[in-house]
Amino acid sequence: MALVEDFETTIKVIVVGNGGVGKSSMIRRFCTGEYTDKYKKTIGVDFLEKEAYVSSVDQSITFMVWDTAGQEEFNAVTKQYYRNADGCVLAFSTTDRDSFDAVRSWKKKVEEECGSVAMVLVQNKVDLIDKAVVTSGEVDTLAKELKLKLYRTCVSENLNVDKVFEYLGEQYVSGGGGG
């Protein structure tokens, strides 16, 4: 009877966006619970794994989370890691207009490599709202235009970080692939 529990669900999630938006910090926070405010550029790709219980689908899911470099010079290296992804976090920073403007292009790259996968839009660094270079209205409009669920996160305070990945797990398990 309990067939669903008999099989381990593992999903590959890629986290993409411009450099410096907090991708590595978000992944580290989700997978290990740790946070550091020291910026270290990701060279190529990095990978962490976490098993988490997703209550909405009553299932434990192993998340293989791939941290891809946001810098254009690593594009050729990171593209191959997009393949076979089951979910994608499109991340931008509250304080970086270029990262917001690049979201459409990141989404297009992922769709070209992965086809239709579960995606979520993440506005990171919402704790720095006093330094914001994008308005809430602009962000809401982009999420609607791209037909993506939006989460506003703060990695340093662990605000909504788990919810981002739980949502992707829920979408994967319930068969709600593409964004």
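The values are calculated or read from the model by the stated rules, or taken from the named source; none is laboratory data. Bear in mind the structure is a predicted one, so any value in this text is a computation, not a measurement. Cβ placement follows ideal geometry from the backbone for every residue including glycine, while neighbour counts extend to all protein chains displayed.
Among the residues of the stretch 125-179, those identified as farther than 25 Å from Arg97 by Cβ and of a type in the set (Gly, Ala, Ser) are Gly169, Ser174, Gly175, Gly176, Gly177, Gly178. Screening Gly137 against (1) of a type in the set (Gly, Ala, Ser); (2) over 15 Å from Val16 (Cα atoms); (3) at pLDDT below 95 leaves a single unmet condition, (3). Restricting the first member to the stretch 112-134 and to residues that are more than 17 Å from Arg83 (Cα to Cα), and the second to residues that are assigned to a strand (DSSP E or B) and among the hydroxyl-bearing types (Ser, Thr, Tyr), the beta-carbon pairs closer than 7 Å and six or more apart or on different chains are Val120/Tyr151; Val122/Tyr151; Asn124/Ser93; Lys125/Ser93.
Is there a residue being surrounded by 15 or more Cβ atoms within 10 Å (Cβ to Cβ), among the aromatic types (Phe, Trp, Tyr), farther than 16 Å from Val122 by Cα and modelled with pLDDT of 90 or more anywhere in the stretch 74-84? For the stretch 74-84, residues surrounded by 15 or more Cβ atoms within 10 Å (Cβ to Cβ), among the aromatic types (Phe, Trp, Tyr), farther than 16 Å from Val122 by Cα and modelled with pLDDT of 90 or more: absent. Here Lys149 clears all of (1) closer than 24 Å to Ser55 by Cα; (2) crowded, with 19+ Cβ neighbours inside 10 Å except the condition numbered (2). Screening Ala118 on (1) surrounded by 14 or more Cβ atoms within 10 Å (Cβ to Cβ); (2) of a type outside the set (Val, Ile, Thr); (3) more than 19 Å from Val54 (Cβ to Cβ) shows it passes everything except condition (3). The residue pairs whose first member lies in the stretch 93-108 and is touching a residue at least 60 places away in the same chain (Cβ under 8 Å) and within 20 Å of Ile129 (Cβ to Cβ), whose second member is surrounded by 20 or more Cβ atoms within 10 Å (Cβ to Cβ) and β-branched (Val, Ile, Thr), and whose beta carbons are closer than 8 Å, counting only pairs six or more residues apart or on different chains, are Ser93/Val21; Asp96/Val21; Ser99/Val21.
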